[in-house]
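Trainee: Sharing a structure with you now.
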Protein chains: 2
Amino acid sequence: MQRIVVLAGGIGGARFLRGLKAAAPEAEITVIGNTGDDIHLFGLKVCPDLDTVMYTLGGGIHEEQGWGRAGESFAVKEELAAYGVGPEWFGLGDRDFATHIVRTQMLGAGYPLSAVTEALCARWRPGVRLLPMSDDRVETHVLIDDPEGGGARKAVHFQEYWVRMRAAVPAHAIVPVGAEQAKPAPGVLEAVAAADVVLFPPSNPVVSVGTILGVPGVREAVANAAAPVVGLSPIVGGAPVRGMADKVLAAVGVESTAAAVARHYGAGLLDGWLVDSVDSEAVAEVETAGIRCRAVPLMMTDVEATAEMARQALALAEEVRG
Amino acid sequence: MQRIVVLAGGIGGARFLRGLKAAAPEAEITVIGNTGDDIHLFGLKVCPDLDTVMYTLGGGIHEEQGWGRAGESFAVKEELAAYGVGPEWFGLGDRDFATHIVRTQMLGAGYPLSAVTEALCARWRPGVRLLPMSDDRVETHVLIDDPEGGGARKAVHFQEYWVRMRAAVPAHAIVPVGAEQAKPAPGVLEAVAAADVVLFPPSNPVVSVGTILGVPGVREAVANAAAPVVGLSPIVGGAPVRGMADKVLAAVGVESTAAAVARHYGAGLLDGWLVDSVDSEAVAEVETAGIRCRAVPLMMTDVEATAEMARQALALAEEVRG
């Protein structure tokens, strides 16, 4: 059985995984999920990326929105607002709240996040093994100009930057607070070492895949993996397919182009890279950097289109395996 | 301004308070609320009696049910059940959940329950000062025959006995776990000492008023109060007006009669006692015990009937004041 390891962020990662499952129904898929965007809201532990993967693959996602639960109501959120308790900019629905209540209760009882995630997945049966990148708290912060002025800078939680501010101000740096002290969750390094293929879906290269790689030991494990490592560009035609990845790429000094992202990961990590057909002129540049590259359609318009992307990624992996 | 202190449980206490506010709109009313029935559910701190008072006086109560919020939905509870997380026997609605989330978050941030209650009341504006009996954890447990058999006994949380078992098995003892170490919440003893009148509404004499009196210092403060102390019988015609007070009265060896409850409180505590018109034969017995007694209608059928009960209680207080 083919063992595939995927380093996934939220919406893009989850949708890619749905295509991958369709493309490789027999494969044993392990997802290493980003937890750098986790946030405590109302005293509850919220793990947006893990939940997006779990809900998407488990059939509970709000399809159009890409995150949160289908058929949501918002009684709890409205009541919290009536109490004057915020933040109001983070859209937690009633169904979603239940997930965070269960998670918070289990964490409070002493279970690590990996065990909690497994328990939640016992209900959702996502058809993959979903591991948080770490059981330790890592929180991505974004350094921005202090809105109070005076030339000072201020760090805000990634969700505040992304959801509240909609990335509308420049990000000067991305700081994964706690990353240096974090350990990979149980099973993460083992899964990478045992993988037949490692995939980077078209997730955010900085705050999703980059954060996972930033957990000490993970980047090394991926770089040293016997398996081919193949990524799919989240940048198409010089702009992110969705989200605001360009804003955080700028913060780490990377151009928003398919080739620049490949070089950012680098040949030490990546064996293969898929760019969109519109970016075919990037192929030569990526290959010059020592990364096998192909141009194929990379728009996840539906499950079948996404499955075809996954097939292309797996085919490129076989090609570089040689 | 007349200062009235009321020791209140849940539904009966809350409805009485609504009548008292109508009867004495100018009075400064301090409610000392029972917290012995507080329970942790799903990692959240739930204070049923405090919330019933707050919702009832603040206009948010489910009128027919007597507890919980009007217009409730149950998305969170259904989701928790889908996760296999219980208990399912405690009916928390989505709106209600928000209250417990705010409370738990504030307690987690270090605020005492009294400060949290004040913050929640800032929204509900119940028109009374609502104080928990204590900021310390007191949990009423009920000793029952172990359902596993073998003649053993088992302590269950009061809510499990009351809500889940519907008090259908004999209660051998009522144990307010933690009461001995509890201190009255800030303001409780001061309010009793400064009161012009102290009232016991027709709340449960054992697990509501009794639990409040069991907080070290409270019984003494009430007994030594300069103010008259007047109670209203929760037993009418030999049975509780609502709830299952007879079950817990039996556990403390008290008959379910209006006179027996008066003697249970005792002349050391009570100056006056109202029994229902149907229990007029109890008046002489109560007065023999040294407690001034009157028989008046005690059914809280609507706010005006309840207000009249409150007027009678205040009149009896004036009478015993002499």
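Trainee: Report, to the nearest 10°, how far helix A:113-124 tilts away from the longest principal axis of the Cα atoms in chain A, using its own Cα long axis and a range of 0 to 90°.
Mentor: So the helix axis and the longest Cα principal axis differ by about 90 degrees.
Trainee: Further, regarding this structure: Excluding residues on the same chain fewer than 8 positions from A:LYS77, give the aspartates and glutamates whose Cα lies under 13 Å from its Cα.
Mentor: List returned: A:GLU88, A:ASP94, A:ASP96, B:ASP94, B:ASP96.
Trainee: Here's another thing I want to ask about it. Near B:ILE212, within a Cβ-to-Cβ distance under 12 Å, what is the net charge of the other residues, with Lys and Arg +1 and Asp and Glu -1?
Mentor: Details: positive: B:ARG219; negative: B:ASP37, B:ASP49.
Spelling it out: positives minus negatives among the neighbours equals -1.
Trainee: Using a Gaussian network model of chain A with C-alpha springs under 10 Å, which one of A:CYS293, A:CYS121, A:CYS47 is most mobile by mean-square fluctuation?
Mentor: A:CYS121
Trainee: Nearest 10 degrees is fine. How inclined is helix B:11-23 to the longest principal axis of chain B, computing both from alpha carbons?
Mentor: That works out to roughly 50 degrees.
Trainee: From the label point of A:ALA115, set 7 Å from Cα along Cα→Cβ, how far away are the matching label points in the other copies, in nm, ordered shortest to longest?
Mentor: 3.3
Trainee: Still on this structure, I have one more. Output, in nm with one decimal and in ascending order, the distances from the B:SER277 label point to the matching label points of the other copies (7 Å from Cα along Cα-to-Cβ).
Mentor: Label-point separations across copies, in nm and ascending: 8.8.
Trainee: Answer with one residue from B:GLY68, B:VAL175, B:THR257: the one whose Cα lies farthest towards the positive end of the charge dipole of the protein assembly as shown, charges on Cβ with Lys, Arg +1 and Asp, Glu -1.
Mentor: The Cα lying farthest towards the positive end belongs to B:VAL175.
Trainee: Same structure, new question: Select the chain A residue whose beta carbon lies nearest to the rotation axis carrying chain A onto chain B, and write the distance in whole Å.
Mentor: Of all Cβ atoms in A, the one closest to the rotation axis yields A:ASP94, 2.
Trainee: Right, here's the next one. Cα gyration tensor of the protein assembly as shown, axes a ≥ b ≥ c as square roots of the eigenvalues: rounded (a/c below 1.5), prolate (a/b > b/c) or oblate?
Mentor: Here the protein assembly as shown falls in the prolate category.
Trainee: Moving on to the next point. Can you list the copy-to-copy distances for B:GLU28, using a point 7 angstrom from Cα toward Cβ, in nanometres, shortest first?
Mentor: Nearest first, the other copies' label points are 7.2 nm away.
Trainee: Starting from 0.36 nm per residue, how many nanometres of slack lie between B:ARG153 and B:GLU118 once their C-alpha separation is accounted for?
Mentor: Details: separation 35, 0.36 × 35 = 12.60 nm, distance 3.89 nm.
So the extension gain works out to 8.7 nm.
Trainee: Also: Report ³J(HN,Hα) in whole Hz for each residue of segment B:264-279, in order, from the Karplus equation J = 6.51 cos²θ - 1.76 cosθ + 1.60 where θ = phi - 60°; Gly and Pro get x.
Mentor: 4, 5, x, 5, x, 10, 8, 9, x, 8, 9, 10, 6, 4, 5, 9
Trainee: Nearest 500 deg cm²/dmol is fine: what mean residue ellipticity at 222 nm does chain B get from its DSSP H runs of n ≥ 4 alone, each adding -39,500 (n - 2.57), divided by its residue count? Intermediate results must be reported in sequence, preceding the final value.
Mentor: Working: 12 runs with 118 residues, N = 322.
Calculated from helices alone, the mean residue ellipticity at 222 nm is -10500 deg cm²/dmol.
Trainee: Under a crude label model (7 Å from the Cα following the beta-carbon direction), how far is B:GLN181 from B:VAL169 in nanometres?
Mentor: Reported label-point gap for B:GLN181 and B:VAL169 is 2.7 nm.
Trainee: Within the set of other residues whose C-beta is less than 9 Å from the C-beta of B:HIS172, count the net charge using Lys and Arg as +1 and Asp and Glu as -1. Could the numbers behind the result be given before it?
Mentor: Values: positive: B:ARG153; negative: B:ASP145.
Result for the neighbourhood of B:HIS172: 0.
Trainee: For the Cα atoms of chain A, what angle does the longest principal axis make with the long axis of helix A:48-58, in degrees from 0 to 90, nearest 10?
Mentor: Its long axis makes an angle of about 70 degrees.
Trainee: Using Cα positions and a limit of under 26 Å, work out the lysines in reach of A:LYS154, with same-chain residues fewer than 8 apart set aside.
Mentor: Cross-link targets: A:LYS45, A:LYS247.
Trainee: With springs connecting C-alpha atoms under 10 Å apart, model chain A as a Gaussian network and identify which of A:ALA226, A:ALA307, A:ALA191 has the largest mean-square fluctuation.
Mentor: For chain A, modelled as a Gaussian network with Cα springs under 10 Å, the answer is A:ALA226.
Trainee: So which residue, out of B:SER134, B:SER280, B:SER73, gets the largest mean-square fluctuation from a GNM of chain B using Cα contacts under 10 Å as springs?
Mentor: For chain B, modelled as a Gaussian network with Cα springs under 10 Å, the answer is B:SER73.
Trainee: Can you give the net charge of the other residues whose Cβ lies under 12 Å from the Cβ of B:THR104, counting K and R as +1 and D and E as -1?
Mentor: For residues surrounding B:THR104, the net value is +1.
Every number in this text was worked out from the coordinates using simple rules, so none of it is lab data. A quick note: this is a predicted structure, and the numbers were derived from the prediction, not measured. Backbone-built Cβ (ideal geometry, glycine too); neighbour counts: all protein chains shown.
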